[in-house]
Amino acid sequence: MIMSSTELVFGKENIDIKLKSLVKTDQYNVFKDKITNDHWLLTFYESEMLECDLGVLEKVPVNKCVDLIGKLIDSEDIQEVITICLIIYDRNFDDDKNNRLLLIESLENYYNICPRTEFALKKIRFTIYETELYDSINLEPILGKSYVEIESDSTFYKEISLRSKKLLEMCSVSDW
């Protein structure tokens with residue numbers, strides 16, 4: 001069974017195995033471990049990149065974006081990578097724009113140290129697409145902010161977008 005220190009279970013077979021040790025609770029898609037009483041959340045995400053649904057069983061309390069980004073960088077399985085991207089995107093990772101900054105910095109660092117394998121380049125491309133890092137739209141609330149603050153937020157998103165597009169171009173080079 002694939003499990004990590006972040007207590008995530010990926011893949012239908014692995015989820016089915018883990019579910020055998022859990023019981024359903026009254027809450028939607030929440031299960032309880034029969035022995036430890038730990039709670040687990042079952043979630044499914046639709047991946048446009050893979051054109052399929054991907055499931056994950058996650059121990060409660062659920063992971064923070066910073067932990068998921070670390071797991072994403074460490075992952076060696078493309079379905080796991082995409083599932084983590086979808087979790088990050090779903091978890092309102094823009095509630096704290098530093099999550100967006102951490103993700104692009106982590107991808108840039110990974111690019112600089114990773115071997116230029118097809119998997120590594122795919123991981124970077126899929127992460128950028130599934131988390132929409134390329135999107136420069138300012139997602140920060142503007143109510144009560146000055147023009148300078150709004151411009152600052154806008155510049156932040158544009159810079160992240162430009163960095164992600166540059167990374168996409170570098171990952172598209174075919175002569176590695």
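Please sort by residue number the trypsin sites (Lys or Arg not before Pro) in the stretch 1-62 whose DSSP state is loop and whose Cβ has at most 12 other Cβ atoms within 10 Å.
Counting only loop positions with at most 12 other Cβ atoms within 10 Å, the trypsin sites (Lys or Arg not before Pro) in the stretch 1-62 are Lys20, Lys34.
To the nearest 20 Debye, how big is the dipole of the chain about its Cα centre, given +1 on the beta carbon of each Lys and Arg and -1 on that of each Asp and Glu?
Dipole magnitude for the chain comes out near 320 debye.
For helix 118-131, what angle does its Cα long axis make with the longest principal axis of the chain, in degrees from 0 to 90 and rounded to 10?
The angle comes out at about 80 degrees.
Any chance you could give the angle, 0 to 90 degrees and rounded to 10, that helix 97-113 forms with the longest Cα principal axis of the chain?
Long axis of 97-113 versus the principal axis of the chain: about 90 degrees.
For helix 65-74, report the angle its Cα long axis makes with the longest principal axis of the Cα atoms of the chain; keep it between 0 and 90° and round to the nearest 10°.
Computed tilt is about 90 degrees.
Kirkwood Rh over Cα pairs of the stretch 8-172 into Stokes-Einstein at 20 °C, 1.002 mPa s: D in µm²/s? Numbers along the way, then the final one.
Values: Rh = 17.2 Å.
After rounding, the answer is 124 µm²/s.
Report the chymotrypsin sites (Phe, Trp or Tyr not before Pro) located in the stretch 72-167 that are in a DSSP loop and have at most 15 other Cβ atoms inside 10 Å of their Cβ, or state none.
Tyr134
Return the calculated 222 nm mean residue ellipticity for the chain, to the nearest 500 deg cm²/dmol, obtained by summing -39500 (n - 2.57) across DSSP H runs with n ≥ 4 and dividing by the residue count.
-16500 deg cm²/dmol
FYI, it's all coordinate maths here, none of it is from the lab. All figures in this text were calculated on a predicted structure; none of them were measured in a lab. All Cβ positions, glycine included, derive from the backbone under ideal geometry; neighbour counts span all protein chains shown.
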